[in-house]
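The values are calculated or read from the model by the stated rules, or taken from the named source; none is laboratory data. Since we're looking at a predicted model, the values are computed, not measured. Heads up, the Cβs are rebuilt from the backbone with ideal geometry, glycines too, and the neighbour counts pull from every protein chain shown. We work out accessible area using only protein heavy atoms, side chains counted, and drop any ligands, DNA or RNA first. Shrake-Rupley method; radii C 1.70, N 1.55, O 1.52, S 1.80 Å.
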Amino acid sequence: MKEISPSQNLNVLEKPLVQKIINLDPIKKLEKSSAQSQWSIQDSEELYGINRWGIPYFSINNLGHITVAPKGNRGRSLDLFKLVKALEERSLNLPLLIHFPDIIEDRIEELNSCFAHAITRYNYEGSYQGVFPIKVNQQRHIVQAIVNCGNNHKYGLEVGSKPELLIALAQLKESNALLICNGYKDQKYIETALLARRLGYQTIVVVEQLSEIKLAIDTAKTQGIRPVLGIRAKLSSKGDSRWGNSAGDKAKFGLTISEIMEAIEQLKAAEMLESLQLLHFHIGSQISSIATIKEALTEASQIYVNLSQLGASMKYFDVGGGLGIDYDGSHSHFPASKNYSMQNYANDVVAAIKIACETQKLKVPIIISESGRAIASHQSVLLTNVLGVDKIPTFPIDIEKDKCHSLVQEMANIYDAINSANCQESYHDILQLKKEGESLFSFGYLNLKDRAKVESLFWQCCQRIQGIVNHTNTGFDGLETLNELLFSTYYCNFSVFQSLPDSWAIEQLFPVMPIHRLNEKPTELGILADLTCDSDGQIAKFIGSQEVKPHLELHQFYEGQPYYLGIFLSGAYQEIMGSLHNLFGDTNAVHVRLDSEGYHIEHVVRGNSMAEVLKYVQYDSQDMVETMRQKTEKALKEKRLTLKESWLFLKHYEEALCNYTYLR
Ligand SMILES: *Cc1c(COP(=O)(O)O)cnc(C)c1O
């Protein structure tokens, strides 16, 4: 284990002026005496909350590395840091998205087992048949893993568009698993879905707007196929999440109660009312509060029994998505969390529909949920490496006190005198002096050189004060502002826009932490900046146990030594919504499976090359190379370039086109 003093920041000060002061520094002595109180793995667990959001898949081993147990409590675990090293040896470079299909399978098992428990507990005389909404992660290997493992549970797929329908038809085995067809539909969509029933698929067309009823009736008549139809209801209960407008009177999707009545009339007139068998609702994603879910369930259960009483052959109760993920581990109704477990959720669904049916003496339905986030979030980890750190600007300065500006002298005197008793006072003084320096400079009374000294001394004072305050835990008014002033920017090899779009677009929080050195105290506070030339391309909000933190605790970065960060629970929605900002393409992705010997790499999906990304914006890489060749030829002729230089230039240019868009 490595000892790191609690105020590493002071190291910056070990430079000319400061050298002699440091030696006398009472704090330095304090640090030495408290070195025994080492940082433990438990401290890291507590700090990053991994036992709150990571259970049962992620934990820390005694090397201080994160480990992954892809089968949860049912299997072994692997060392994530060693895995990344092994992948790098196979030239699978960072940024890297590691998928663990075993985790997806474990989540599917878990969801099914929660519903099975609830069904037993409430003596429910129906069954549960989940579907995975493809939009959450359409990657082929993932959909395949879901379909394969879901077979035992008749676990099906949900689609929201024609391309997704094409995927589902190709992947799903013609079995008892359901294929729920949501989204806006045209005639071809409905026709394809209905014809698929002839191939043996259990397609259910869910009507999202009234006009689709007529389309469905007409298509069914022309094709002579008895369809199974569902209706998506616009509930008045609204989700409380960011996606809460998926329900309520102004929701984009679904039929109001009066539209449902109209739909029933149209079906009745077409003698097709027995085709209506399913009620669907979706009140939004990441519902944090169980109260909201209960309210929606109560309302929807009533609609269900009413539809039954109106003569529809009701058979399925589809509760949509919304089952949340505890990203911050706080187990609360905060947007990044949820105040219920998967089991609570299953219990409430089963109980609500059972009570409503029992009261009306109706047969209970098959329960469907379209849980996406809850299935897919844990299965992928995004890994990035730190390329460099931008710290606050302090430079060694030599001060001959009698020769420089009085302001510099004053600042240096304050620096010398800082101790645990006068931090507050010194802090106010230096803020004042810095302001004075700025106005003296504007009026021409302070030259550039002295202004630089004032600035540099100011930062050194801040660091010193921060070191003392953090170390002695003395009360200090304005510590947050001070920390705010002193944070570092860690430049990371990835693009937020490509790999974590929700972090940028809706400020979603994901757990972020180093995947190694967790037996060392993280001594720095930092934010993460990505490679894009966009000030939005950063992560500056982090999960905390109580509140959102503006900085992440990070380790000191040493040039030339790897420092890897993992971004967790990012397996839902992020991959497909990523965009090519600054033309950073898809990252490398690997699918890792446990096996009897350890693990193996099941699939490798190489990230985009520059040529691929350029093609997306209509550039032809061959044309580009040819243009550059002509330009170098001309420069060569005019002797602006040697033959060797032109060769080197073209080589770099051509090689770059075939390479990864990220940094090596
Ligand atoms: C997005 C969506 C889902 C998935 O929601 P999660 O919150 O990810 O479970 C399910 N059903 C429909 C209709 C959706 O639009």
Query raised in the report: For the residue pair Asn73 and Lys268, what label-to-label distance in nm results when each label sits 7 Å from Cα along the Cα-to-beta-carbon direction?
Result: 5.2 nm
Report summary line: In whole angstrom, the spacing between the Cα centers of the range 426-469 and the range 524-563 equals 26 Å
Query raised in the report: Given the chain, what percent of its DSSP beta bridges are antiparallel, to the nearest 5?
Result: 50 percent
Query raised in the report: Along the principal axes of its C-alpha atoms, what lengths does the range 101-376 span, in descending order and rounded to whole Å?
Result: 53, 41, 36
Report task. Calculate how steeply helix 406-417 sits against the longest principal axis of the alpha-carbon atoms of the chain, using the helix alpha-carbon long axis, and give the answer as 0 to 90 degrees to the nearest 10. Result -> 70 degrees
Report task. Please work out the Kirkwood hydrodynamic radius for the range 597-643, using every pair of different C-alpha atoms, and report it in angstroms with one decimal place. Result -> 14.0 Å
Query - Out-of-range pairs (alpha-carbon distance over 25 Å; input Lys214/Lys363; Lys154/Lys363; Lys135/Lys185; Lys185/Lys315; Lys185/Lys268) - result: Lys214/Lys363
Query raised in the report: What ranking, highest mean first, results for peptides 619-627, 374-382, 433-441, 89-97 when packing means the other Cβ atoms within 10 Å averaged over each residue?
Result: 374-382, 89-97, 433-441, 619-627
Query raised in the report: For the chain, what's the radius of gyration and Dmax over Cα atoms, in angstrom?
Result: 30.5, 101
Report summary line: quick note, the range 101-376, DSSP beta bridge pairs, % antiparallel (nearest 5) is 0 percent
Report task. Give the Debye-formula value of log10 I(q)/I(0) at each listed q (0.18 Å⁻¹), with one equal scatterer per alpha carbon of the range 176-319, two decimals each. Result -> -1.00
Query raised in the report: Angle between the Cα long axis of helix 140-150 and the longest principal axis of the chain, 0 to 90 degrees, nearest 10?
Result: 50 degrees
Requested in this report: Using only C-alpha positions, report the orientation-averaged shadow area of the convex hull of the range 376-480, nm², one decimal.
Outcome: 10.5 nm²
Query raised in the report: Just the Cα atoms of the range 118-169, one point each, no solvent: what log10 I(q)/I(0) does Debye give at q = 0.21, 0.22, 0.31 Å⁻¹?
Result: -0.74, -0.78, -1.22
Query raised in the report: To the nearest 20 debye, what is the magnitude of the charge dipole of the chain about its Cα centre, counting +1 on the Cβ of each Lys and Arg and -1 on the Cβ of each Asp and Glu?
Result: 1200 debye
Query raised in the report: About its Cα centre, what dipole magnitude does the range 101-376 give when the only charges are +1 on Lys and Arg Cβ and -1 on Asp and Glu Cβ, stated in debye to the nearest 20?
Result: 380 debye
Requested in this report: Bin all alpha-carbon pair distances of the range 297-439 at 5 Å intervals from 0 and give each bin's fraction as a whole percent.
Outcome: 2, 7, 11, 11, 8, 6, 5, 5, 5, 5, 5, 5, 5, 5, 5, 4, 3, 2, 1, 0
Query - Cα principal axis extents for the range 487-575, largest first, Å - result: 33, 32, 23
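Could the peptides 346-357, 607-618, 161-172 be put in order, highest first, of the mean number of other beta-carbon atoms found within 10 Å of their residues?
Final packing ranking: 346-357, 161-172, 607-618.
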Requested in this report: Can you tell me the order of 73-81, 315-323, 292-300, 110-118 when each peptide is scored by its average per-residue count of other Cβ atoms within 10 angstrom, highest first?
Outcome: 315-323, 292-300, 110-118, 73-81
Query - Unit charges at the beta carbon, dipole of the chain: most positive-side option, Gln209, Ala196, Gly183 - result: Ala196
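Restrict the search to the range 165-231; then list the GluC sites (Glu not before Pro) that DSSP places in a loop and that have at most 15 other Cβ atoms within 10 Å of their Cβ. Numbers along the way, then the final one.
Details: sites: Glu174, Glu191, Glu208, Glu212; in loops: Glu174, Glu208.
Answer in residue order: Glu174.
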Query raised in the report: With every protein chain present, what is the per residue accessible area of the chain (1.4 Å probe, Å²)?
Result: 45 Å²
Report task. Provide, for q = 0.19, 0.26, 0.28, 0.34 Å⁻¹, the log10 of I(q)/I(0) from a solvent-free Debye sum over equal Cα point scatterers in the range 253-294. Result -> -0.69, -0.93, -1.01, -1.18
Query raised in the report: Considering the alpha-carbon set of the range 126-215 alone, what are its Rg and its Dmax in angstrom?
Result: 12.6, 37
Query - For the range 189-224 versus the range 284-314, the gap between their alpha-carbon centres in whole angstrom - result: 24 Å
Report summary line: In degrees, nearest 10, the alpha-carbon axis of helix 162-171 is tilted away from the dominant principal axis of the alpha carbons of the chain by 80 degrees
